[in-house]
Amino acid sequence: MVDLKGQYEKIKSAIDTSIINVVESAAFINGPEVHAFQKDLENYLDVKHVIPCANGTDALQIAMMGLGLEQGDEVITVDFTFAATVEVIALLKLTPVLIDVEADTFNMDIDALKKAITPKTKAIVPVHLFGQCANMEAVLEVAKENNLFVIEDTAQAIGADYTFSDGTTKKAGTMGIVGTTSFFPSKNLGCYGDGGAIFTNDDELAHTIRGMVNHGMYRRYYHDVVGVNSRLDSIQATILRIKLPNLDSYCDARRDAANYYNDAFANHPNITTPVTSDFTTHVFHQYTLQIKNADRNALHQHLLDSNIPNAIYYPVPLHSQKAYQDDRYNEDDFKVTNELIETVISLPMHTEFDKEQLEFITQTILGFLK
Ligand SMILES: *Cc1c(COP(=O)(O)O)cnc(C)c1O
């Protein structure tokens with residue numbers, strides 16, 4: 001699905017040198033490289049505060065802790081996403097409220113959002129799924145009307161731009177009160193292990209969160225709140241510092257591959273290519289087709305048999321997962337997600353394709369669906 005080795009080869013000497021420098025400095029935790037990466041990312045995102053942490057799941061959990069959400073508070077998020085989002089809501093004993101997504105963009109459905117709000121609702125977690133932003137202007141408006149926090153899960157969309165109707169543009173993850181991301185190796189900005197970060201323009205929240213990631217300490221060995229231990233280590237930070245200046249060109253390479261796929265599959269009766277909303281750029285963390293009136297599962301197997309990696313993201317809606325089932329849910333409220341899990345298929349997507357690979361993938365798919 002990804003070609004991390006090929007990407008590494010192109011930056012190998014810079015990466016190798018920087019890793020050796022960290023090892024020689026012995027500043028493995030909270031060293032200067034972590035602070036420098038924090039500043040680099042604040043500049044790139046044009047956000048006041050970046051708080052690095054251990055992974056994207058922790059980032060979501062700590063963001064919710066920082067906002068002071070409490071047991072019983074309802075947090076609305078989408079049914080069609082990676083489980084991390086709903087997992088941390090449940091872990092904190094908040095009440096997850098899952099809602100359906102739009103059939104074309106796979107992102108949060110605004111009508112469903114409005115319907116899900118109750119007096120207990122405290123926060124909304126839009127997930128910028130597969131690399132394009134959810135309808136943030138609408139989400140922020142609903143949040144403002146109902147006095148709710150917006151936590152943007154940007155694990156799949158770092159680098160995407162959102163344009164508001166007044167023409168202003170912001171980076172994904174910097175529009176709500178807080179945004180989170182993951183640097184898992186296969187993400188668009190991936191390190192060589194686990195990593196994550198939290199973004200906010202709110203000084204007070206940033207201060208709260210900086211203590212929370214470090215055992216609730218604001219002064220050494222004084223623990224004011226219950227925190228966690230969630231750190232980005234210096235080796236990962238130095239790798240991310242080298243990769244961040246390439247993020248925009250990595251996104252361009254992904255878009256080029258997506259354009260190749262789009263052209264190859266255009267107007268095919270069984271294939272719906274990804275739709276990008278006009279208010280967002282798409283950074284194609286995943287390139288996901290919908291296969292209709294044809295056997296999606298047989299295509300999945302045929303591609304595997306042809307040595308073409310591919311994946312079903314996601315095969316089970318969160319509301320049907322054993323861990324998250326709830327009598328409150330009504331199947332009629334998840335029509336789109338219930339259909340997507342039967343039709344979606346994600347193709348290889350990375351920064352290092354050559355024409356022959358794309359040709360082989362598209363020809364194999366077109367040959368099978370003929
Ligand atoms: C990857 C991902 C996460 C979790 O990130 P980790 O670093 O793996 O903990 C959270 N949300 C979404 C949407 C993701 O894709």
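The values are calculated or read from the model by the stated rules, or taken from the named source; none is laboratory data. Predicted, not measured: the structure shown is a model, and the values here were computed from it. Cβ coordinates were reconstructed from backbone atoms using ideal geometry, including for glycine residues, and neighbour counts include every protein chain displayed. Accessible surface areas use protein heavy atoms only, side chains included; no ligands, DNA or RNA. Shrake-Rupley method; radii C 1.70, N 1.55, O 1.52, S 1.80 Å.
Data overview
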item: Meets criteria (under 21 Å from VAL228 (Cα atoms), in contact (Cβ under 8 Å) with a residue 24 or more places away in the chain and open to solvent by less than 40 Å² (accessible area, probe 1.4 Å)) for THR85; result: yes
item: Strands (runs of 3 or more DSSP E) contained in segment 177-225 and holding at least 3 residues within 16 Å of the ligand (Cβ to nearest atom); result: 178-182, 196-200
item: Filtered residues of segment 132-152 (kept if open to solvent by 10 Å² or more (accessible area, probe 1.4 Å) and touching a residue at least 12 places away in the same chain (Cβ under 8 Å)); result: ASN135, GLU137, ALA138, LEU140, ASN146, LEU148, PHE149
item: Given (1) more than 13 Å from the ligand (Cβ to nearest atom); (2) open to solvent by 10 Å² or more (accessible area, probe 1.4 Å); (3) farther than 20 Å from THR276 by Cα, number of the condition ALA123 does not satisfy; result: (2)
item: Matching residues in segment 101-114 - criterion: being among the hydrophobic types (A, V, I, L, M, F, W, C), surrounded by fewer than 20 Cβ atoms within 10 Å (Cβ to Cβ) and outside any helix (DSSP H, G or I); result: ALA103
item: PRO269 being assigned to a loop (DSSP other than H, G, I, E, B), more than 30 Å from SER18 (Cβ to Cβ) and touching a Phe, Trp or Tyr at 6+ places or on another chain (Cβ under 9 Å); result: no
item: Condition met for ILE158 (touching a Leu at 6+ places or on another chain (Cβ under 7 Å), outside any strand (DSSP E or B), modelled with pLDDT of 95 or more and open to solvent by less than 20 Å² (accessible area, probe 1.4 Å)); result: yes
item: Every residue from segment 70-119 that is on the phi > 0 side of the Ramachandran plot and among the small types (Gly, Ala, Ser); result: GLY72
item: Residue identified as at pLDDT 95 or above, closer than 18 Å to ALA143 by Cβ, in contact with a Leu (Cβ under 9 Å, 6 or more places away or on another chain) and open to solvent by 20 Å² or more (accessible area, probe 1.4 Å) among ILE117, ILE76; result: ILE117
item: Extreme residue, nearest to GLU42 (Cα to Cα), among residues of segment 161-176 that are assigned to a loop (DSSP other than H, G, I, E, B) and more than 14 Å from the ligand (Cβ to nearest atom); result: THR174
item: Residue within segment 33-55 that is within 16 Å of the ligand (Cβ to nearest atom) and either in contact with a Cys (Cβ under 9 Å, 6 or more places away or on another chain) or of a type in the set (Gly, Ala, Ser) (or both) present; result: yes
item: Any hit, segment 21-29, residues being under 30 Å from ASP252 (Cβ atoms) and in the same structural domain as ALA197 (by TED's automatic domain parsing); result: yes
item: Answer from LEU98, LEU129 - the residue that is within 13 Å of the ligand (Cβ to nearest atom) and open to solvent by less than 50 Å² (accessible area, probe 1.4 Å); result: LEU129
item: Tally of residues being closer than 24 Å to GLN61 by Cβ and surrounded by fewer than 17 Cβ atoms within 10 Å (Cβ to Cβ) across segment 226-255; result: 3
item: Residues being part of a strand (DSSP E or B) and either under 16 Å from the mean Cα position of the chain (by Cα) or not aliphatic (A, V, I, L, M) (or both) - total across segment 58-88; result: 3
item: Criterion violated by GLU70 - all others in (1) in contact with a strand residue (DSSP E or B) (Cβ under 7 Å, 6 or more places away or on another chain); (2) more than 30 Å from ASP354 (Cβ to Cβ) satisfied; result: (1)
item: Every residue from segment 269-311 that is of a type in the set (A, V, I, L, M), open to solvent by 30 Å² or more (accessible area, probe 1.4 Å) and under 30 Å from ALA138 (Cα atoms); result: VAL275
